[in-house]
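Colleague: Please find one structure pasted underneath; my questions will follow.
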Amino acid sequence: MIALIIRRLIQSIVVMLTVALIAFTLFRFVGDPVAQMVGQDTSLEDRAQLRERLGLNDPVPLQFARYVGNTVKGNFGISYRIGRPVGALLAERLPATLELSFVAALFALLVGIPMGIYTALHPERWLSKAFLTISLIGISLPTFLIGILLILLFGVVLGWLPTFGRGAVVDLGFWTTGLLSVSGWKSILMPAFTLGMFQLTLIMRLVRSEMLEVLRTDFIKFARARGLTPRAVHFGHALKNTLVPVITITGLQLGGIIAFAIITETVFQWPGMGLLFLQAIQFADIPVMSSYLVLIALFFVIINLIVDILYHVVDPRLRIERQVGAGQ
Amino acid sequence: MTVEFPTRKGTLIAVDDVSFDLQPGEILGVVGESGAGKSMTGYAIIGLLDRPGRIAGGRIELDGERIDNLPPEKMRRFRGRRIGAIFQDPLTSLNPLLRISDQIIETIRTHMDMDERQARARTLELLNEVGIPAAAERMDEYPHQFSGGMRQRIVIALALAANPQLIIADEPTTALDVSIQAQIIRLLKRLCKDHDTAIMLITHDMGVIAEAADRVAVMYAGRIVELGPVRDVIKDAKHPYTKGLMDSIPAIGQDVRVLAQIKGAMPRLNAIPPGCSFNPRCPQAMDRCRVERPELITQGASAVACWLFAEEEAGVGVA
């Protein structure tokens with residue numbers, strides 16, 4: 001287990017370095033950073049001086065090493081647009097995005113898995129068919145459209161829920177949370193639903209097809225032949241065997257939710273990283289863009305690491321292969 | 001008993017009016033080609049026919065109690081408790097994610113009034129009985145840590161978990177190599193005797209039947225064509241199909257260039273010919289075989305469904 005984690009960590013570092021390289025080259029590709037930082041009437045000497053001070057005359061590998069070093073220390077540079085350290089900007093926005101993402105993912109899992117199980121166990125019931133039809137709509141409607149429709153219905157027509165923002169937030173020092181106030185919860189409902197809807201349908205359909213697959217296997221037939229209760233067969237035997245693919249997809253999707261919360265955040269004016277990123281693109285705010293890239297990659301890497309560990313918890317066959325591999 | 005599958009293109013009859021009985025401690029072999037309805041018969045008995053299959057006629061009794069029309073929940077209690085099952089492939093019969101002990105304990109506790117500790121003790125007993133070496137250390141391992149033969153022993157232990165009266169063994173040795181096959185057969189025979197359990201041994205392997213069974217039922221296209229003591233059926237097959245089967249088994253020490261085989265193939269379920277279903281392939285077919293379907297006719301200790309044996313019967317005055 002520990003050997004596995006170490007190996008995965010090394011792989012993760014390689015991935016992160018690659019992403020950092022891409023993020024680093026962003027600075028070069030979008031033109032001369034000095035030209036973007038100074039005004040039109042800055043003299044050539046001043047420009048050269050700035051270039052020297054920023055270390056832009058150093059060899060590229062040295063610059064990359066410095067970039068990586070700074071990034072590791074949490075020094076992401078200064079935003080061109082806002083003029084504040086990117087690290088602080090991201091730290092402000094991070095809780096909003098993470099909260100939204102986790103609430104959405106939790107919603108997708110807690111609703112999607114039971115729906116998937118239900119539709120797999122009772123494929124003939126009308127409720128299953130209704131679920132499947134709804135899921136088809138959920139999977140084919142674009143996220144922003146769902147968001148706008150929700151705003152129209154609950155925000156404008158019914159006036160039940162706020163249409164933008166996070167509501168009242170509580171500052172815990174290291175983290176600002178909207179989950180401790182009523183207005184915070186009211187505010188997160190619609191964005192989280194919007195963001196989680198697609199994942200929900202995906203998870204439901206995945207659980208359903210995996211479960212149907214497992215229910216056809218010999219060991220389920222044998223479990224039935226032993227007279228186990230339907231409950232034991234479905235939940236003790238079948239569900240556990242559907243979990244591995246569900247964990248994979250959920251892990252990947254969670255990364256996706258965080259990274260692509262952009263659209264939902266824009267629709268609901270959610271003060272998260274996605275909104276920050278979108279504004280950064282409009283203003284070619286390279287430090288923000290590259291830091292966002294690195295941060296999202298970090299999330300993906302961490303989630304994948306957790307997924308890998310979960311595999312080993314769920315499936316004993318993987319644990320053994322590891323032992324055999326270590327023995328050789 | 002009759003099992004049928006209603007399909008869009010009409011109803012397929014997979015098991016057609018099959019009838020037999022089993023005594024405690026007896027092993028009945030059921031032999032036939034793929035698709036002859038052997039497994040279907042077994043699944044019908046434990047009430048696990050795949051939909052849309054259903055029992056269309058006849059009855060199944062266990063200990064004088066009719067069980068084919070029980071409500072699902074009652075039938076579930078019967079499965080495992082009164083009727084056990086062993087399936088063909090031990091590699092896929094066990095849940096790969098659960099420990100052996102958990103699977104057996106779960107089965108025991110479903111059917112017997114035992115606490116965890118008692119069930120665990122019984123699990124160990126069962127594993128010892130089916131011949132798992134070092135069962136105490138290995139019972140908490142996962143299925144993939146056992147070989148195929150060992151896994152089939154575990155499957156047998158699971159089938160025995162609640163001490164059933166009848167075990168349906170569907171091709172229990174087919175997926176195993178020959179030396180392991182012999183061990184499993186010996187194990188089944190011993191358990192059958194020790195527990196006074198009846199075993200319905202479904203196989204297409206005449207060798208397994210000869211080795212293990214007391215009586216044998218030969219099935220063809222959903223019907224029993226011959227039913228009798230193993231010795232009689234093997235040494236003195238009566239039905240032309242059984243004869244064909246026996247001839248197609250090569251004997252050791254006999255220099256055979258070409259194996260005898262039965263011409264043609266078993267008819268598909270939607271194209272069973274009128275009369276005796278074997279008539280198109282039968283070397284001794286008569287006109288009557290093409291029109292009228294033969295019922296089982298008693299011949300000594302056996303019964304044969306073939307018109308070749310009809311005269312004597314008619315002489316006794318039974319239609």
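Colleague: Could you list all residues from segment B:87-112 that are facing chain A (nearest Cβ under 7 Å), in contact with a Ser or Thr (Cβ under 7 Å, 6 or more places away or on another chain) and in a loop (DSSP other than H, G, I, E, B)?
Modeller: Scanning segment B:87-112 gives a single hit, B:F87.
Colleague: Of all residues in segment A:297-313 being among the hydrophobic types (A, V, I, L, M, F, W, C) and open to solvent by less than 20 Å² (accessible area, probe 1.4 Å), which is nearest to the chain's Cα centre (by Cα)?
Modeller: A:A297
Colleague: So which residues in segment A:81-90 are open to solvent by 40 Å² or more (accessible area, probe 1.4 Å) and touching a helix residue (DSSP H, G or I) at 6+ places or on another chain (Cβ under 6 Å)?
Modeller: Across segment A:81-90, there are no qualifying residues.
Colleague: Then there's this: From the list B:G80, B:G42, B:G84, exactly one residue is closer than 23 Å to B:V155 by Cβ and either more than 9 Å from every other protein chain (Cβ to nearest Cβ) or assigned to a loop (DSSP other than H, G, I, E, B) (or both). Which is it?
Modeller: Sole residue among the options that is closer than 23 Å to B:V155 by Cβ and either more than 9 Å from every other protein chain (Cβ to nearest Cβ) or assigned to a loop (DSSP other than H, G, I, E, B) (or both): B:G42.
Colleague: Continuing with the same structure: Which of the following residues is assigned to a loop (DSSP other than H, G, I, E, B) and either under 24 Å from A:L98 (Cα atoms) or out of contact with any helix residue (DSSP H, G or I) (no Cβ under 7 Å at 6 or more places or on another chain) (or both): A:G147, A:G159, A:G196?
Modeller: A:G159
Colleague: Further question on the same structure: So for segment A:231-247 (the condition being among the charged types (D, E, K, R), open to solvent by 40 Å² or more (accessible area, probe 1.4 Å), over 26 Å from A:T194 (Cβ atoms) and touching a Leu at 6+ places or on another chain (Cβ under 7 Å)), does at least one residue qualify?
Modeller: The answer is yes; a qualifying residue exists.
Colleague: Condition check: surrounded by 13 or more Cβ atoms within 10 Å (Cβ to Cβ) and aromatic (F, W, Y). Does A:F29 satisfy that?
Modeller: no
Colleague: Follow-up question, since we're still on this one. Which residues, taken from segment B:44-64, are in contact (Cβ under 8 Å) with a residue 60 or more places away in the chain and either among the basic types (K, R) or surrounded by 14 or more Cβ atoms within 10 Å (Cβ to Cβ) (or both)?
Modeller: Matches in segment B:44-64: B:I45, B:I46, B:L62.
Colleague: If the Cβ limit is 9 Å and pairs must be 6+ apart or interchain, which residue in segment A:140-154 that is under 16 Å from A:T201 (Cβ atoms) and open to solvent by less than 80 Å² (accessible area, probe 1.4 Å) pairs with which residue that is small (G, A, S) and at pLDDT below 80?
Modeller: Filtered contacts from segment A:140-154: A:I146/A:G138.
Colleague: Could you pull out the residue among B:A136, B:A162 that is small (G, A, S), on the phi < 0 side of the Ramachandran plot and away from every other protein chain (no Cβ under 11 Å)?
Modeller: Answer to the selection: B:A136.
Colleague: Can you pull out the residues in segment A:164-192 that are surrounded by 18 or more Cβ atoms within 10 Å (Cβ to Cβ) and in contact with a helix residue (DSSP H, G or I) (Cβ under 7 Å, 6 or more places away or on another chain)?
Modeller: A:R166, A:V169, A:T176, A:G178, A:I188, A:M190, A:P191, A:A192, listed by residue number.
Colleague: Then there's this: For segment A:205-267, which fully contained helices (runs of 4 or more DSSP H) count at least 3 residues that are more than 12 Å from chain B (Cβ to nearest Cβ)?
Modeller: It comes to A:239-259, A:261-267.
Colleague: When you scan segment B:173-181, do you find a residue that is more than 14 Å from chain A (Cβ to nearest Cβ) and open to solvent by less than 10 Å² (accessible area, probe 1.4 Å), even just one?
Modeller: Checked against the condition, which is being more than 14 Å from chain A (Cβ to nearest Cβ) and open to solvent by less than 10 Å² (accessible area, probe 1.4 Å), segment B:173-181 yields at least one hit.
Colleague: Hey, another quick one. Out of curiosity, is B:E73 of a type outside the set (S, T, N, Q) and within 8 Å of chain A (Cβ to nearest Cβ)?
Modeller: Spelling it out, it is not the case that B:E73 is of a type outside the set (S, T, N, Q) and within 8 Å of chain A (Cβ to nearest Cβ).
The values are calculated or read from the model by the stated rules, or taken from the named source; none is laboratory data. Note that the coordinates shown come from a computational prediction; the quantities given were computed from them, not determined experimentally. Note that we place each Cβ from the backbone using ideal geometry, even for glycine, and neighbour counts take in every protein chain shown. The area values use the complete protein model at the heavy-atom level, side chains included, leaving out ligands, DNA and RNA. Shrake-Rupley method; radii C 1.70, N 1.55, O 1.52, S 1.80 Å.
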